[in-house]
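The structure appears below as structure tokens.
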Amino acid sequence: MYTIEDLMIPTKEEAREMTKPHANVNGEVRMVRPDSYDLKQAVAKGLCSPSGFGDKYLYMQALYRKALEQYFMDAMTLKEFDEHIGSHELNFQPVSSERYLFYQKYSTMPLDFIYLRSNLPIERLDSEDLKIIENLIHSGRSDVTDELAAMVVRTYPVVLKGCEDFDDNILVGFAATDAKDAPNLSVAFEISFQSEYAPIEKEKMSYIEETLIPIMAKALSEQLSFTVVVFFEP
């Protein structure tokens, strides 16, 4: 049993969503896309049981997320873009925490509108890298050590890849429609704000999608020296 208070982990039902297939007989919308997670690989590496992702996996993943998002905050002007949205004359308002979608709910970044949309299948890490995280978790620690930070910077392109077996440039889907397609090898962020279903909302969505996102994706890609895509969640 793990009791690391400052690491938030998904509920059991949310964890099950990570390994659900796209095909759903009830026509339900998948919460987690693309199909990045590999339960068999996680089991083979001793991260969980065949019944699904448990506390060990989820706490290790949460610590990896914390270190990765800390690196992204330092490496890119995410905070500046987030503040720009919040201070814009169109009066964007953050989504209330009760209405957070899965990815925003577990973001560790101190941002109101922007969150990481990429999946984090840590089972792709090799045994030595997994041991770095596991040792910290077993000792009840959640601080980002120099060793953990260096490992995350080195490995995130492998972990964040949309589908492990696909070519880097093939487009993979982050939603049920092609509105959220991105190169397989990329980092995906998403912007969300409170929708009020008023005429001004069309103007807000147009600004985010047509003006801000192209500027933001270009700037962040240059800052990270890696392909960054930005989605909008209406």
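The values are calculated or read from the model by the stated rules, or taken from the named source; none is laboratory data. The structure presented is a predicted model; accordingly, all values stated were derived computationally and were not measured. Don't worry about glycine lacking a Cβ; one is built from the backbone with ideal geometry, like all the others, and counts go over all protein chains shown.
Could we say that Asp165 is in a loop (DSSP other than H, G, I, E, B), of a type in the set (Asp, Glu) and either modelled with pLDDT under 95 or farther than 17 Å from Met31 by Cα (or both) here?
Considered against the rule, which asks whether it is in a loop (DSSP other than H, G, I, E, B), of a type in the set (Asp, Glu) and either modelled with pLDDT under 95 or farther than 17 Å from Met31 by Cα (or both), Asp165 comes out as yes.
Hey, could you check region 45-65 for residues that are surrounded by fewer than 21 Cβ atoms within 10 Å (Cβ to Cβ) and touching a residue at least 60 places away in the same chain (Cβ under 8 Å) and say which is farthest from the chain's Cα centre (by Cα)?
Going through the qualifying residues, I end up with Lys45.
List, please: which pairs have Cβ atoms under 9 Å, are six or more places apart or on different chains, and start with a residue in region 173-185 that is within 17 Å of Val159 (Cα to Cα) and end with one that is modelled with pLDDT of 85 or more and of a type in the set (Lys, Arg)?
Taking only residues 6 or more apart or on different chains, the pairs are Gly173/Arg33; Gly173/Lys180; Phe174/Arg33; Phe174/Arg117; Phe174/Lys180; Ala182/Arg117; Asn184/Lys161; Leu185/Lys161.
What about Ser139, is it under 22 Å from Phe81 (Cα atoms) and of a type in the set (Ser, Thr, Tyr)?
Answer is no for this residue.
When you scan region 207-221, do you find a residue that is at pLDDT 95 or above, touching a Leu at 6+ places or on another chain (Cβ under 7 Å) and more than 21 Å from Tyr37 (Cβ to Cβ), even just one?
Checking region 207-221: at least one residue is at pLDDT 95 or above, touching a Leu at 6+ places or on another chain (Cβ under 7 Å) and more than 21 Å from Tyr37 (Cβ to Cβ).
Considering only residues that are over 22 Å from the mean Cα position of the chain (by Cα) and free of Cβ contacts under 8 Å to residues at least 24 places away in the same chain, which ones fall in region 197-234?
Tyr197, Ala198, Pro199, Glu201, Lys202, Ser206, Glu210, Thr211
Is it fair to say Thr108 is surrounded by fewer than 21 Cβ atoms within 10 Å (Cβ to Cβ), part of a helix (DSSP H, G or I) and within 17 Å of the chain's Cα centre (by Cα)?
Numbers: surrounded by fewer than 21 Cβ atoms within 10 Å (Cβ to Cβ): yes; part of a helix (DSSP H, G or I): no; within 17 Å of the chain's Cα centre (by Cα): yes.
Judged against the criteria, Thr108 is not a match.
Could you tell me whether region 83-94 includes any residue that is surrounded by fewer than 21 Cβ atoms within 10 Å (Cβ to Cβ) and of a type in the set (A, V, I, L, M, F, W, C)?
Within region 83-94, one or more residues are surrounded by fewer than 21 Cβ atoms within 10 Å (Cβ to Cβ) and of a type in the set (A, V, I, L, M, F, W, C).
For every residue, the table says whether it meets (1) at positive phi; (2) touching a residue at least 60 places away in the same chain (Cβ under 8 Å); (3) not small (Gly, Ala, Ser).
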| position | (1), (2), (3) |
| --- | --- |
| Leu68 | no, yes, yes |
| Asp74 | no, no, yes |
| Leu78 | no, yes, yes |
| Glu89 | no, no, yes |
| Phe92 | no, yes, yes |
| Ser107 | no, no, no |
| Ile114 | no, yes, yes |
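Within region 139-170, how many residues are exposed (fewer than 13 other Cβ atoms within 10 Å of the Cβ) and touching a residue at least 40 places away in the same chain (Cβ under 8 Å)?
Qualifying residue count, region 139-170: 1.
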